[in-house]
Amino acid sequence: MVAIIVHGGAGTIRKEERISQVIDGVKEAVLAGWHELRGGSALDAVEEAVKVLEDNPLFNAGTGSVLTLGGKVEMDAAIMRGKTLEAGAVAGIWGVKNPISVARKVMEKTDHVLLIGEGAVKFARLLGFSGYDPRTEERLNQWEELRRRLLEKGETRHWRKLNELIKEYPEVLRSTVGAVAFDGEEVVAGTSTGGVFLKMFGRVGDTPIIGGGTYANEVAGASCTGLGEVAIKLALAKSATDFVRLGMDAQAASEAAINLATKYFGKDTMGIIMVDSKGNVGFAKNTRHMSYAFMRDGMEKPEAGV
Ligand code: ASP
């Protein structure tokens, strides 16, 4: 039994017409991953699916990443292999097209897990990743608009709590991407994001934190989305795999993980996707939306939704 699931971020999609575009985006990514999975490995499938989402400017990862308070792009990504517990991640990286591929190189070419900022950029260049500006016109306009609205009210993100800000401005949380796949032998999980809109310089979310937003072991893998600080404090991706170890399938474990987030930090905070090593997929959220798409053996086309 092989399976792959992807997400396009938890949050609120305000514009109705965007929903079908986002669903098309996650379907395209899951099919690209599925293609790799049929012919290769969960590792290639996860990287490929995340790359397709990073290259789609609708999503907040790679091209189309959101901007920091200072108008910069600082992207986070991680990938982890469940069989060997090998993991690679980058945080606060800029100037590259596909952070997930740099994360994979950290895993494969170094004996480190996480490279940050300038060091991560330098590593990417050494490995041959060429310079690239992931900012899009749409994100620059959204940044100007959000910043203006905040400044008009005399607020800056420096002292406003993120979870309060999100209630008033749900658009600060948007469309991080992730994928989890099982190839019959191994579960692999990957996540990539530009983070949270108007985040503070240097802020790192859950995405590149192994066990926080991304985790895989021999029983399951998980990729989280939502308020990164919540997933970090609950070690949510790892906790979700622990639920599988205790006997739940991927769906029950996803729901248990989100219940945990809701219990401690309230609604509108988290979403998660999972695959277990029996090939079951799971997904859950406590936000209004979280786009997802999955494929398993026996399915002719992806099942997708928000
Ligand atoms: N989890 C990401 C972060 O906190 C954001 C998201 O999922 O939208 O950086």
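Derivation of every value follows stated rules applied to the coordinates shown; laboratory data play no part. Model, not experiment: these values are computed from the prediction. Positions of Cβ are backbone-derived with ideal geometry, glycine not excepted, and every protein chain shown enters the neighbour counts.
Distance between the 7 Å Cα→Cβ label points at residue 267 and residue 149: 2.0 nm. With a simple spin-label model that places each label point 7 Å from the Cα along the Cα-to-Cβ direction, the separation between residue 185 and residue 300 comes to 3.1 nm. The alpha-carbon of residue 233 sits under 24 angstrom from the alpha-carbons of these lysines, leaving out residues fewer than 8 places away in its chain: 161, 167, 199, 263, 267, 285. Straight-line reach from residue 27: taking Cα to Cα under 16 Å and skipping same-chain neighbours fewer than 8 places apart, the lysines in range are 51, 301.
Listed highest first by mean packing, meaning other Cβ atoms within 10 Å per residue, what order do 254-267, 185-198, 35-48, 124-137 come in? Mind showing how you got there, number by number?
Working: 254-267: 18.5, 185-198: 27.8, 35-48: 21.4, 124-137: 14.1.
Result, highest mean first: 185-198, 35-48, 254-267, 124-137.
Using 0.36 nm times the number of residues separating residue 201 and residue 109, minus their current alpha carbon distance, what extension gain do you get?
Numbers: separation 92, 0.36 × 92 = 33.12 nm, distance 2.81 nm.
Using 0.36 nm per residue and subtracting the Cα-Cα distance, I get 30.3 nm.
Between beta-carbons, use under 15 Å as the cut-off and find the net charge around residue 257, counting Lys and Arg +1, Asp and Glu -1. Working shown, then result.
Working: positive: 233, 238, 245, 263, 267, 285; negative: 206, 242, 249, 255, 276.
That sum, taken over residues with Cβ under 15 Å, equals +1.
Assuming a ≥ b ≥ c are the square roots of the Cα gyration tensor eigenvalues, decide whether region 28-139 counts as rounded (a/c under 1.5), prolate (otherwise, with a/b larger than b/c) or oblate. Because a/c hits 1.5 or more and a/b fails to exceed b/c, region 28-139 counts as oblate. What the Cα atoms of the chain give is an Rg and a Dmax of 17.4, 55 Å. Taking a straight Cα-Cα cut-off under 17 Å and skipping sequence neighbours fewer than 8 places away in the same chain, the aspartates and glutamates within cross-link reach of residue 122 are 74, 76, 108, 111, 133.
Exposure proxy ranking for 18, 104, based on other Cβ atoms within 10 angstrom of each Cβ and starting from the fewest, stands as 18, 104. Available extension along the chain between residue 246 and residue 1 is 86.1 nm, counting 0.36 nm per residue and deducting the alpha carbon span.
Give the calculated FRET efficiency between residue 133 and residue 218 to the nearest 0.05, with a Förster radius of 30 Å applied to their Cβ-Cβ distance. My answer for the efficiency is 0.15. Averaging Cα coordinates gives a centre for region 236-306 and one for region 88-114; these two points are 25 Å apart.
Which of the three applies to region 167-300, rounded, prolate or oblate, going by the alpha-carbon gyration tensor with a ≥ b ≥ c and a/c under 1.5 meaning rounded? Please report the intermediate quantities before stating the final value.
On the way: a/c = 1.71, a/b = 1.63, b/c = 1.05.
Because a/c hits 1.5 or more and a/b exceeds b/c, region 167-300 counts as prolate.
Taking other C-beta atoms within 10 angstrom as a stand-in for reagent exposure, 73, 306, 275 fall in the order 306, 73, 275, fewest first.
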